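Engineer: Mind looking over this structure? Questions follow.
The values are calculated or read from the model by the stated rules, or taken from the named source; none is laboratory data. Everything quoted here is computed from the prediction, not taken from an experiment. As a convention, Cβ positions derive from the backbone with ideal geometry for all residues, glycine included, and neighbour counts pool all protein chains shown.
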Amino acid sequence: DWKMPDYIGEAVEKIRAQVGDEEVILGLSGGVDSSVAAALIHRAIGDQLTCVFVDNGLLRLNEAEQVMQTFARSLGVKVIHVDATEQFMGHLKGVSDPEQKRKIIGREFVEVFQTEAKKLPKARWLAQGTIYPDVIESAGAKTGKAHAIKSHHNVGGLPETLNLKLLEPLRDLFKDEVRELGVALGLPHDMVYRHPFPGPGLGVRILGEVKKEYADLLRRADAIFIDELRAADWYDKTSQAFAVFLPVKSVGVMGDGRTYEYVVALRAVQTQDFMTAHWAELPHSLLGKVSNRIINEVRGINRVVYDISGKPPATIEWE
Ligand code: XMP
């Protein structure tokens, strides 16, 4: 039987005993696991923790502000906010292969994180939001059991190159326990129960070459989709939902003019384990409302389509 207040107390004691008076650095992504790890470690050691939040220019709308609001302002966590948009966009220029994009985004993250870590020479620990299923999965990978079509591990190799000890306070927890812990630590419900977001972010939701202009359009379309899903009580009934940017133009009419603009695809799936998934049978009225709002509010998009492909044979992400 798992009791939250006892669990927090024990976890806090364990972190204090491990770390002593040394300093800890953590890469905050805005995702559930790193957020809960940050909140727990901060509860244990306060200012001995420094978080690094890297904005790669491929995050969701207002994500950086939300992370800074929750951690820096509400909880009083030390967070270094690095806007590395230009660096990521520069390295992604001209690259259209999905796996190549993943590699570049992962590599640049390590690069930016290392640069920040060097500015904190007193740090002895690297904290990570590794959870129990990750531990199992990487054990499987070593014995060749895990089989991934896409390379998911975007930040491998950090501890080795930084020469830091690893602090992984969520290693024994399942996802639902991590969420419960996050709520008990005072993190906002919407953050803790958010759909998963891939490490490469919008980088794999902009088909082909990534451009800042595309990311800006996609962010706004995606936010409208998520807003309307929440308003219609469909967010929690889907496992993952997002917009995808298609870099093709199609013809439309607006007023008495002709438009020639980009297309956005909406994807919403229901799944237990993300290995197989069904496309969500969203109400047509909801899809219609999302489409109208995107086309009216996001100049540059004049057509919205809904993805009705299951996994398999399609994957959840388009890249
Ligand atoms: P697919 O597209 O393979 O996605 O059906 C299954 C789940 O994995 C997520 N995903 C990723 N997560 N880095 C990540 O951290 C990645 O490169 C990546 N690719 C896919 C996807 O969002 C879905 O939840």
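Engineer: How many of the residues in the range 1-29 are more than 18 Å from Arg124 (Cβ to Cβ) and surrounded by 21 or more Cβ atoms within 10 Å (Cβ to Cβ)?
Structural biologist: Going residue by residue through the range 1-29, those that are more than 18 Å from Arg124 (Cβ to Cβ) are 1-13, 28-29.
Filter again for surrounded by 21 or more Cβ atoms within 10 Å (Cβ to Cβ), leaving 28-29.
Going through the range 1-29 one residue at a time, the tally reaches 2.
Engineer: Could I ask something else about it? Out of the residues in the range 252-306 that are touching a residue at least 40 places away in the same chain (Cβ under 8 Å), within 16 Å of the ligand (Cβ to nearest atom) and surrounded by fewer than 20 Cβ atoms within 10 Å (Cβ to Cβ), which is farthest from Leu207 (Cα to Cα)?
Structural biologist: Out of the qualifying residues, it is Thr271.
Engineer: Next up: Out of the residues in the range 192-212 that are of a type in the set (D, E, K, R) and within 16 Å of the ligand (Cβ to nearest atom), state the one that is surrounded by the fewest Cβ atoms within 10 Å (Cβ to Cβ).
Structural biologist: Of all residues in the range 192-212, those of a type in the set (D, E, K, R) come to 194, 205, 209, 211-212.
With the extra rule that they be within 16 Å of the ligand (Cβ to nearest atom), the set shrinks to 194, 205.
On the way: Arg194: 17, Arg205: 26.
Among them, the one singled out is Arg194.
Engineer: Among the numbered criteria (1) within 16 Å of Gly129 (Cβ to Cβ); (2) within 16 Å of the ligand (Cβ to nearest atom); (3) at pLDDT below 95, which one does Gly157 miss?
Structural biologist: Failed condition: (1).
Engineer: Go through the range 235-248 and report how many residues are more than 20 Å from the chain's Cα centre (by Cα) and surrounded by 14 or more Cβ atoms within 10 Å (Cβ to Cβ). I'd like the intermediate steps shown before the answer.
Structural biologist: First, the residues of the range 235-248 that are more than 20 Å from the chain's Cα centre (by Cα): 246-248.
If we keep only those that are surrounded by 14 or more Cβ atoms within 10 Å (Cβ to Cβ) as well, we get 246-247.
Qualifying residue count for the region: 2.
Engineer: Now for a different question. Go through (1) more than 24 Å from Trp125 (Cβ to Cβ); (2) within 16 Å of the ligand (Cβ to nearest atom); (3) in a helix (DSSP H, G or I) and name the single condition Ala215 misses.
Structural biologist: Failing condition for Ala215: (2).
Engineer: For the range 159-170, give me each residue that is in contact (Cβ under 8 Å) with a residue 12 or more places away in the chain and out of contact with any helix residue (DSSP H, G or I) (no Cβ under 6 Å at 6 or more places or on another chain). Reasoning before the result, please.
Structural biologist: Start the filter on the range 159-170 by keeping residues that are in contact (Cβ under 8 Å) with a residue 12 or more places away in the chain, which leaves 159, 161-162, 164-170.
Pro159, Thr161, Leu164, Lys165, Leu167, Glu168 - these are the residues of the range 159-170 that are in contact (Cβ under 8 Å) with a residue 12 or more places away in the chain and out of contact with any helix residue (DSSP H, G or I) (no Cβ under 6 Å at 6 or more places or on another chain).
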